[in-house]
Amino acid sequence: MNQVGVIGLGTMGANLARNTARNGARVSVFNRTKERTDEFIKNHASEGSFTACDDLPPLITSLSAPRAILLMVKAGDAVDEMIRDLLPLLSKGDILIDGGNSHYRDTERREKELIAKGIHFIGMGVSGGEEGALNGPSMMPGGSKEAVEMMMPLFQKMAADDGAGGKCVTYMGPGGAGHFVKMVHNGIEYGIMQIIAECYDILKELGGFTNEELADLFDGWNQTPYLKSFLIEITGKIFRVKDGDADLLDVILDKAGQKGTGKWTTDAAMNYGIAVPIITAAVDARILSGAKDFRVQRSKEAPFELIDTKLPKKEGLAHCIQAALELSIVSAYAEGFLLMSTASTEEKWNLPLSEIARIWRGGCIIRSGIIEKYQAMFAGNKDAQMELRMLFSGERHHDWRTVIMLAIARGIPVPSLAASITSYDAYRTERLPQNLIQAQRDFFGAHGFEKIGKAGQFHGEWE
């Protein structure tokens, strides 16, 4: 495919259009606001072969059949409206690609509607932010396999390198598989970002680390095999940025927004019956941060007495934090892969888990050194599986618990760190107290329960 139409010239759409043109394709561009199209052409016309279109019919006629059109518009109703406007202009065999963060159920619905009209539909997750979109993202296309195969030569040119001779793009599966994988990617991203933020809080509040010391610390961690990652790298850089005489980080309001993909991940996990406590806690933490006025009010109340635990020296605290980061981040990845594996079975997607790990090695926000271990593990490498398990033993495991105990004893909120170790403990516990919950449910609602070693449903004579 050597020609593509791009609709939507926001930051991601514009950079993907530029990426496409830089890799030899002729690109026709259209934006609802003509001024944005004009500005795009003014700034980037020299980067490749662009055709500016001021309406949808000229966009369609500028492309030869079969046409490929990339939609980079806001997820939700805007995608449906654009598809409705395009349909009368399209021919059988044309390809529509939704490159936004659409909900995977919407993608499935749209694909069914378009298949009936002879139009191929690709729901493609794209990760890497504005820099990745321009220089090489991780791309997760799903839907029409025939259309993905037609687009793959171009996608491979556009995608990031995986660091092992491959490109960060592969076919995810039918229906909404591509957007589901991107959604889970973002859920993992929520979890890892929250874990890092909680560790920063502990280092700052309990360890007394300056931002300069934190920058050095994170730069060092980014050279280690289990923490080397994009998010650790940019965190180290953030600590060094100034805003006049102040550190920029220190003047940023502590309210974090969300665009929905984290919430969608927790919703999907509940629907599939999978626990993702780290990701759920990260979503909750962002929501809770929004209650700024209430938090300020409560912070002025008389302080309660905290547990006076002995704090390790700076070096010792940093050592413990490193272990907590490693084990909690590994656990966040594990939650995401478990969710994808379960959904893949139920939806009959046959998600390529090893390949997903591979294309997350470059381009995307959660790219890291540890993801290579997951790639190997899902490819059947038992040594990689054992290495991941052994991370949770010995001194590293002790340090993980120490960090969380220190934070809770000193009143520092660590929802995702605490969730990581609580879920770990639950999965290694042979007998959990849910037998009491089953008894309670049967007592007040006659829901019934199972008995150990006996088949069938039972009721208790509670009164």
| task | Classify the range 37-133 as rounded, prolate or oblate from the Cα gyration tensor: take a ≥ b ≥ c as the square roots of its eigenvalues, call it rounded if a/c is under 1.5, otherwise prolate when a/b beats b/c and oblate if not. | result | oblate
| message | With Rg and Dmax of the Cα atoms in Å as the read-out, I listed (1) 24.8, 82; (2) 25.4, 87; (3) 22.7, 89; which label goes with the value calculated from this structure? | response | (1)
| query | In degrees between 0 and 90, to the nearest 10, how far off the longest principal axis of the chain does helix 434-445 point, with axes built from Cα atoms? | reply | 80 degrees
| Going by average Cβ neighbours within 10 Å, how do the peptides 100-108, 384-392 rank, with the highest at the top? | 100-108, 384-392
| query | Taking the Cα centre of the range 193-302 as origin and charging only Cβ (+1 Lys, Arg; -1 Asp, Glu), how large is the dipole, in debye to the nearest 20? | reply | 480 debye
| said: Taking the Cα centre as origin and putting +1 on Lys and Arg beta-carbons and -1 on Asp and Glu beta-carbons, what dipole magnitude results for the range 282-367, to the nearest 20 debye? | reply: 360 debye
| Sorted by accessible area (1.4 Å probe), largest first, how do 198, 461, 35, 189 line up? | 461, 35, 189, 198
| note | So the FRET efficiency between residue 161 and residue 319, C-beta based with R0 = 30 Å and rounded to 0.05, is 0.35
| field | Solvent-accessible area per residue for the chain (1.4 angstrom probe, square angstrom) | value | 49 Å²
| In degrees between 0 and 90, to the nearest 10, how far off the longest principal axis of the chain does helix 145-158 point, with axes built from Cα atoms? | 80 degrees
| message | Can you tell me the orientation of helix 34-44 relative to the chain, as the angle in degrees between its alpha-carbon axis and the longest Cα principal axis, to the nearest 10? | response | 90 degrees
| Where a ≥ b ≥ c are the square roots of the eigenvalues of the C-alpha gyration tensor, would you call the range 322-400 rounded, which needs a/c under 1.5, or, failing that, prolate if a/b is larger than b/c, or oblate? | prolate
| remark: Low-density loop chymotrypsin sites (Phe, Trp or Tyr not before Pro), the range 201-308, at most 10 other Cβ within 10 Å, DSSP non-H/G/I/E/B, are 304
| request: Starting from the Cα coordinates of the range 203-304, work out the convex hull volume and express it per residue in Å³. | output: 176 Å³
| said: Can you show me the helix-derived [θ] at 222 nm for the chain, built from DSSP H runs with n ≥ 4 at -39,500 (n - 2.57) apiece and divided by the number of residues, rounded to the nearest 500. | reply: -17000 deg cm²/dmol
| note | In order over the range 192-204: 3J(HN,Hα) from phi, Karplus 6.51/-1.76/1.60, θ = phi - 60°, whole Hz, x for each Gly or Pro, gives 5, 4, 5, 4, 4, 5, 5, 5, 4, 4, 5, 4, 6
| When the accessible area of the chain is split by element with a 1.4 Å probe, what percent falls to carbon and sulfur? | 53 percent
| remark: Packing-ranked peptide list from 44-51, 318-325, 169-176, highest mean Cβ count within 10 angstrom first, is 169-176, 318-325, 44-51
| field | Alpha-carbon centroid distance for the pair the range 241-264 / the range 132-147, whole angstrom | value | 29 Å
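The values are calculated or read from the model by the stated rules, or taken from the named source; none is laboratory data. What you are looking at is a predicted structure, and each value in this text was computed from that prediction instead of being measured. FYI the Cβ positions are ideal-geometry reconstructions off the backbone, even for glycines, and counts take in every protein chain you see. Please note that ligands, DNA and RNA were not included when accessible areas were found on the heavy atoms of the full protein model with its side chains. Shrake-Rupley method; radii C 1.70, N 1.55, O 1.52, S 1.80 Å.
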